[in-house]
Structures are given as structure tokens and as C-alpha cells.
1. Please work out which residue is farthest from Leu165 (Cα to Cα), limiting yourself to segment 196-223 and to residues that are within 25 Å of the chain's Cα centre (by Cα) and open to solvent by 70 Å² or more (accessible area, probe 1.4 Å).
2. Just to be sure before I move on: is Asp41 surrounded by fewer than 16 Cβ atoms within 10 Å (Cβ to Cβ) and under 21 Å from the mean Cα position of the chain (by Cα) in the structure I sent?
3. Evaluate the following for Ser49: is it without any contact (Cβ under 8 Å) to a residue 24 or more places away in the chain and of a type in the set (Ser, Thr, Tyr)?
4. Which of the residues spanning segment 160-186 are touching an Asp or Glu at 6+ places or on another chain (Cβ under 8 Å), more than 18 Å from Ala220 (Cβ to Cβ) and among the charged types (D, E, K, R)?
5. Which members of segment 44-69 meet the condition of being surrounded by 13 or more Cβ atoms within 10 Å (Cβ to Cβ) and either polar (S, T, N, Q) or more than 32 Å from the chain's Cα centre (by Cα) (or both)?
6. Just need a number here: residues in segment 141-176 that are modelled with pLDDT under 90 and surrounded by 15 or more Cβ atoms within 10 Å (Cβ to Cβ).
7. Looking at (1) at pLDDT 95 or above; (2) farther than 28 Å from Arg102 by Cα; (3) assigned to a loop (DSSP other than H, G, I, E, B), which is the one condition that is false for Ser17?
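The values are calculated or read from the model by the stated rules, or taken from the named source; none is laboratory data. Every value quoted in this text rests on a predicted model; they were computed, and no experiment measured them. Cβ sites come from the backbone with ideal geometry, for glycine too, and all protein chains shown count toward neighbours. With ligands, DNA and RNA removed, areas are computed over all heavy atoms of the protein, side chains included. Shrake-Rupley method; radii C 1.70, N 1.55, O 1.52, S 1.80 Å.
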Amino acid sequence: MIVADVMTTPVISVEPSATIAEAAQLMLAERISGLPVTTRDGTLAGMISEGDLLRRGELGTERKRSSWLEFLVGPGKLADEYVRTHGRRVEQVMSTDPVTTRRDAPLEEVVTAMSRHQIKRLPVLDNGKVVGIVARSDVLRALARALPTASPATIADDQIRKAVLAELDKQSWGGRFIRVHVENGVVTLTGAIFDERMRHAAKVVAENVPGVQAVIDQVAWVEPFAGLVVR
């Protein structure tokens with residue numbers, strides 16, 4: 001799946017010269033927690049989010065430091081923080097180097113960027129112009145569409161068994177030590193594991209195969225150092 005499959009368009013944005021009040025009211029009205037900041041021709045200038053507005057002079061939430069810490073931080077940093085906590089225009093508060101993506105980027109790349117940078121949305125650019133935005137909610141909608149919503153038609157037990165074994169065989173955590181028996185759509189797992197977390201993973205493998213009605217866990221846990229077997 002790529003970004004173009006899930007991104008939201010047209011994009012709700014704000015201009016750099018807009019006031020902080022206008023940006024906040026727009027976010028509240030549209031029920032979104034961040035906005036791309038664009039010039040009139042659609043060029044991306046930055047991003048403004050709820051996080052940029054948490055520390056404000058009006059709320060008394062500016063960062064408080066002892067005098068010796070202020071000395072270590074330096075006057076330049078303190079002046080910059082003052083602008084961000086007291087500035088009246090979006091351009092004074094926005095993040096000026098946002099993480100972006102493109103239409104044909106793999107969705108995996110976007111999710112990795114969200115996790116790494118702890119952000120909720122990425123503008124989608126085409127030649128520097130904002131053509132869409134992909135947010136966590138867009139990823140969630142894609143997941144909702146991908147998840148099965150109805151029970152599939154009856155599937156033969158041997159097909160189910162082959163599918164479970166094939167998925168187990170792909171896994172580096174030790175699925176090859178687990179045996180599979182299927183009868184009337186009920187999967188019975190036997191064999192051995194060396195970590196209790198492997199038990200839960202094996203059950204998830206079976207539960208995700210179409211046609212599975214239930215999963216019976218009879219896998220034995222082998223203590224890796226003493227060799228004790230616990231069922």
C-alpha cells in the first residue's frame with residue numbers, strides 16, 4: 001500500500017501570516033490536531049500543531065528554569081522560546097522543517113517516520129506543493145478496510161493447515177518447532193516453544209488464517225537451560 005491509497009485531500013491548511021487564534025479555531029472546528037502552513041500558491045512553509053501551542057504566555061505554561069539553567073541555555077535560546085510562547089502569528093510558532101512524504105511512498109515508510117519522529121501527520125508533496133496529508137487516522141481507516149468483516153466460505157482443513165504452516169515457517173522466532181492439526185476448522189497446535197511469547201504468536205498466526213473456527217493450544221514449553229518440559 002502506498003501513500004496515495006490513504007492520504008486525505010484536499011488539505012485544510014493555514015497561511016504563515018494567519019494569527020494563532022485563527023489556527024487554533026480552525027483546528028477545533030475541523031477536529032484536527034495539526035495544519036500544514038502553506039503560501040498562497042500551495043508551497044509548504046511549515047507545520048503547526050497542538051503541541052506548538054501548549055506552552056503559551058496566555059496560559060502561564062511557559063517553560064520555567066532556574067537562573068543557572070537559563071545561563072547555560074543562553075540568551076539566544078531563551079529569546080527563541082519567548083517568540084514561540086508569545087508570538088501572535090503562525091509563522092512565529094510553526095515548525096519550519098517538517099517531515100514530509102510523496103504520493104508513491106510505501107505506507108511502511110510513513111509509519112516508520114511517524115514512530116521515529118513522534119509525529120501524527122506528514123504533508124504529501126509534489127514539486128514542493130502540498131497535494132495531500134497522511135495522518136494516523138488515515139492509517140487507521142486503511143487498517144479498518146483491510147481487516148476481514150465477515151466469515152469466509154468453508155475452507156478445507158488441509159488448506160487451512162498448509163496456510164498456518166506456511167506462515168509459521170516464515171517466522172524467525174521458531175515457528176518451525178510447532179506442529180499443526182486441523183479438524184472441522186479447529187486448529188490444534190502441538191510441539192515445543194522456548195519462550196512463552198512464542199505461544200501467543202503462534203495462536204495469532206492460526207487465528208489470522210481464513211476458515212479457522214477456533215485454536216486449541218497444546219504446545220509444550222521447554223525451559224532452555226534446564227530442558228524441563230511444561231505443558
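1. Ranking the candidates gives Arg197 first.
2. Answer is no for this residue.
3. No; evaluated as a whole, the condition is false for this residue.
4. Glu183
5. Scanning segment 44-69 gives Ser49, Arg65.
6. 3
7. Ser17 satisfies all of (1) at pLDDT 95 or above; (2) farther than 28 Å from Arg102 by Cα; (3) assigned to a loop (DSSP other than H, G, I, E, B) except (2).
Let's see how each residue does on (1) crowded, with 18+ Cβ neighbours inside 10 Å; (2) of a type in the set (Gly, Ala, Ser); (3) closer than 21 Å to Asp41 by Cβ:
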{"residue": "Val83", "(1), (2), (3)": "no, no, no"}
{"residue": "Arg88", "(1), (2), (3)": "no, no, no"}
{"residue": "Met94", "(1), (2), (3)": "yes, no, yes"}
{"residue": "Arg103", "(1), (2), (3)": "no, no, yes"}
{"residue": "Val111", "(1), (2), (3)": "no, no, no"}
{"residue": "Arg116", "(1), (2), (3)": "no, no, no"}
{"residue": "Val124", "(1), (2), (3)": "yes, no, yes"}
{"residue": "Asn127", "(1), (2), (3)": "no, no, yes"}
{"residue": "Gly132", "(1), (2), (3)": "yes, yes, yes"}
